[in-house]
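Read-outs throughout are calculated quantities, based only on the coordinates presented, and are distinct from any laboratory measurement. Note that this is a predicted model, so its numbers are computed, not measured. Quick reminder, even Gly has a Cβ in these numbers, built from the backbone with ideal geometry, and neighbours come from all protein chains shown.
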Amino acid sequence: MTRIVFVHGIAQEVKGPETLLADWYPALSDGLALAGDTHVARDEVSMAFYGDLFRPVGHRGLGPPELDASDVRDGLERELLLQWWESASEQETCVAGLGASARLRTPHLVQRALDALSHSSFFAGLSERMMISSARQVRRYFTEPDVRTGIQDRIARRVTRETEVIVAHSLGTVAAYEALHALPGCPDLTLVTLGSPLAVRNLIFERLIPRPVNGHARWPAPVKRWTNIADRGDVVALAKELASLFGERVRDLPIHNGAKAHDVRPYLTARETGQAVAEALCLGAADQN
């Protein structure tokens, strides 16, 4: 019985559902413990895994193909990297700011962005290839219909009549939001979004399906409760609050995740996340009685 469906974010292409659940399930269990005495069994959670859709095909060289600044495409990939750079420089003193860099051309500007992001807490230790790949996954989601529908199909297949909560992180919040619009007949659900980029204007928000109208997004019909949780230092969740664009019913909660602001594990261990999930499970149990 799947009561909770997890939806992961970017850069998970070499993992799998069980590998991710080994981190996500105990982390959420800790968050639930902080919030009260709610317990969820391991067989009551499921991971909507789609990382393999981004996994590069094999080739004759060693390791994955290398990427550098010259491979970054103009448009969404470039603008995401620049926005992440700007956000990181505002949050962390060790990350150099843009300054007059906006006048530089790609790949020079992109190279400066990659160099600066390598000093941020979120991207520290990641290669240029991984940073570019992260932006590329977002771009591919929005520009390649087969990828978009494939990811949403993975989510839809995990949601059952017993599902009470969807917990989504990062790009997974975008995919979950869109997938829920295609599931009007599923039971009342609680949506918990963690580190979501859904409200990022000019990059994410305007590309959503269904399209926002007059600056307001459509509420997904199956969702009865929506809690959005964001760390103020989360570089990926550039716009921390969703209520102004998605409706006043969204409950926006700020938390502090420490050095790894976008990491899903501190999001899941937070009392606020545990409380949001516990409330949904309690409501679901009450409805059954």
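Descriptive notes on the structure:
- Helix-derived mean residue ellipticity, 222 nm - over the chain, DSSP H n ≥ 4, -39500 (n - 2.57), to 500: -12500 deg cm²/dmol
- Of the DSSP H helices in the chain, those with a Cα length along their own long axis of 18 Å or more and a mean Kyte-Doolittle hydropathy reaching -0.5 comprise 17-35, 271-288.
- When the charge dipole of the chain is built from unit charges on Cβ atoms (+1 for Lys and Arg, -1 for Asp and Glu) and taken about the Cα centre, the candidate among Thr269, Ala113, Val7 whose Cα reaches farthest toward its positive end is Ala113.
- Cα centroid separation, region 207-223 to region 4-57 (Å): 26
- Calculated FRET value between His256 and Met130, using beta carbons and R₀ = 22 Å, to 0.05: 0.30
- Relative to the current alpha-carbon distance between Arg201 and Thr160, full extension at 0.36 nm per residue lengthens the span by 11.5 nm.
- Using C-alpha pairs below 8 Å separated by at least 6 residues, the relative contact order for the chain is 24 percent.
- Qualifying aspartates and glutamates (Cα of each under 20 Å from Cα of Lys240; at least 8 residues distant if same chain): Glu79, Glu86, Glu90, Glu92, Glu178, Glu206, Asp231, Glu248, Asp252, Asp263, Glu272
- Other residues within the sphere of radius under 13 Å centred on the Cβ of Glu178, judged by their own Cβ, net out at +4 (K and R +1, D and E -1).
- Only Lys, Arg (+1) and Asp, Glu (-1) charged, at Cβ; the chain dipole about Cα centre in debye: 580
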